[in-house]
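S.K.: Okay, handing you the structure first.
Read the figures in this text as sums done on the coordinates, not as results from a lab. None of the values given here were measured: they were computed from a predicted structure. Every residue, glycine as well, gets a Cβ built from its backbone with ideal geometry; the counts of neighbours run over all protein chains shown.
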Amino acid sequence: MNRKKFYLALVIFSLTGQVAWVVENMYFNVFIYKMFNASAANISLMVQASAITAALTTIFMGALSDRLQKRKIFMCLGYIAWGISILMFALVRLDLISSTFAAASNAAALAVTIVIILDCVMTFFGSTANDAAYNAWLTDRTDETNRGRAEGINSMMPLIAILVVFGGFLGFDLNQAKSWTAIYLIIGGVVLVIGILGFFLIEEAPAQRKDDLSYSETILYGFKPSVIKQNKKLYLTMLGFIIFNISIQIFMPYLIIYYEQTLKMSDYVLIMAPAIILAAVVTALYGRVIDRIGFERSLVPALFMLALGYVLLFLFPGIIRVEGLAMKIPVFIGSLFMMSGYLTGMAVFGTGIRNETPDQMAGRFQGLRIISQVLIPGVVGPAIGAAVLKNAEMITNSDGTLSFLPNHQIFLWALIAEAVLAAAFIGVMIHRQRPQAEGK
């Protein structure tokens, strides 16, 4: 394996994929909020529909890549189709929808529906290329000696992607439809080009001996009770990953709206950028720590940083209601700890899952990873967030429409979900230590 070429492919494909996911996960919400006055329920539905699509796609396409023993073709063609699907969002404009569907009584509501459908289409291609093929390829190309380091780089890419997107979006007025059109054309074009580049950059993993399972058996393999029994640690790790991501999904769909609309931080990009850079450095360095001390010991600091970030984001801006620099400093510090805990936690769980994945079976287990990372958290987390914000303060827009304002309670409920994970983790540790104590 060409080591330099591997890390170059890792960085390019991971970063490009995460930029696309950041636009979807953090800015599709802003898009339908600003352009079509979407409600918290609309945002929750979009996140849930995308999560279900991602999980089903990864289960079926991950198993298919195992059967064919091909990762490269799924990655490259997947990124090309992913880019094309993003380009399609440039056509979702209120003026085009109103003129095309003249009989539609509510063009804004129709636009929200179209975005949700296109989001599912985009997610199908993105999950095929990234969640199923890329992640299986990364597992195939690493082992326990370098997996934490590779996962540290991989897990910091969401923060780097946020920084890239934040910086790139500074030149756009997100209240203007033409800005969104330009954004989708740029992001879609970049993803498409990276897919083409992959044909020259990606090195396929060495072919492995094929098993005798049919395609349907490969799909269902990870759900068999016998497989679960043989890989208890893998499934316990994924169970913890579910709770961890539920905590994240309670607040993440509303985060940018909270900063910009509720806290009135029009310069949130400039405040968040240093926090993102520092958190990315922490995450990259933490990968080496994971390799050295292992999953369980490295999880504790990550959970502590995340909890501290939640506490700061809940207490200072939410209750004290201070303004100016006195508010921005706690928001910066809270965001730094929250992002550091989030990304280091992702690296810890990602490494743990890859280490426990049976050899030569990475593709068929990617669906289970997405169920624990996206499907269940993507359905449960936003639903909790929407319930918390059900009676949120409403504001009247310049055109007379109403929009909700997310509040600091989302961080409290995210902290509660994380506390459940911490309690479960402690319980498992006590249970594992008890036989040793009794043996003494």
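S.K.: Please check: in the Gaussian network model of the chain (C-alpha springs, under 10 Å), which one of Asp212, Asp143, Asp267 has the largest mean-square fluctuation.
M.R.: Result: Asp212 has the largest fluctuation of those listed.
S.K.: When the helices in the chain are scored as -39500 (n - 2.57) per DSSP H run of 4 or longer and the sum is shared across all residues, what 222 nm value do you end up with, to the nearest 500 deg cm²/dmol?
M.R.: After summing the helix terms and dividing by residue count, I get -24500 deg cm²/dmol.
S.K.: Any idea what % of Cα-Cα pairs in region 63-183 are farther than 16 Å?
M.R.: Counting pairs separated by more than 16 Å, the tail of P(r) holds 72 percent.
S.K.: Which residue fluctuates the most in the chain, going by a Gaussian network model with Cα springs under 10 Å, if the choices are Gln230, Gln18, Gln366?
M.R.: Sorting by GNM fluctuation, first place goes to Gln230.
S.K.: For region 119-244, I need the span (max minus min coordinate) of the C-alpha atoms along each principal axis, in Å, sorted largest to smallest.
M.R.: 55, 37, 33
S.K.: Which whole DSSP H helices in the chain pass both tests: a Cα extent of 24 Å or more along the axis and a mean Kyte-Doolittle value no lower than 1.0?
M.R.: 40-68, 107-126, 177-201, 232-251, 268-293, 295-315
S.K.: While we're on this one: Per residue, what volume in Å³ does the Cα convex hull of region 69-112 take up?
M.R.: 81
S.K.: Cα gyration tensor of region 182-262, axes a ≥ b ≥ c as square roots of the eigenvalues: rounded (a/c below 1.5), prolate (a/b > b/c) or oblate?
M.R.: The shape class here is oblate.
S.K.: Given 20 °C and 1.002 mPa s, compute D for the chain with the Stokes-Einstein relation, Rh being the Kirkwood radius over Cα pairs; round to the nearest whole µm²/s. Mind dumping the intermediate values first?
M.R.: Details: Rh = 22.3 Å.
Diffusion coefficient, whole number: 96 µm²/s.
S.K.: Who wins for biggest fluctuation among Val300, Val47, Val348 in a Gaussian network model of the chain, springs between alpha carbons below 10 Å?
M.R.: Of the options given, Val300 has the highest mean-square fluctuation.
S.K.: A further question follows. Could you give the longest part of the chain that holds none of the GluC sites (Glu not before Pro) found in DSSP loops with at most 15 neighbouring Cβ atoms within 10 Å? Don't skip to the end; give the middle numbers.
M.R.: On the way: sites that count: Glu144, Glu203, Glu204, Glu323, Glu393.
Value returned for the longest uninterrupted segment is 1-143.
S.K.: Write down the Å³ per residue value for the convex hull defined by the alpha carbon atoms of region 33-80.
M.R.: Convex hull of Cα atoms, per residue: 74 Å³.
S.K.: For a bin width of 5 Å, list the pair-distance distribution of region 236-302 built from all Cα-Cα distances, rounded to whole %.
M.R.: Pairs per bin, as whole percents: 3, 13, 14, 18, 20, 14, 10, 5, 1.
S.K.: A further question follows. How many percent of the alpha carbon pairs in region 203-316 exceed a separation of 19 Å? It would help to have the intermediate numbers written out before the result.
M.R.: Numbers: 4380 of 6441 pairs.
The share of Cα pairs beyond 19 Å in region 203-316 comes to 68 percent.
S.K.: Region 333-425: D in µm²/s via Stokes-Einstein (Kirkwood Rh, Cα pairs, 20 °C, 1.002 mPa s)?
M.R.: The Stokes-Einstein estimate is 132 µm²/s.
S.K.: Averaged over all directions, how much area does the convex hull of the C-alpha atoms of region 1-134 cover when projected, in nm²?
M.R.: Mean projected area for region 1-134: 8.9 nm², to one decimal.
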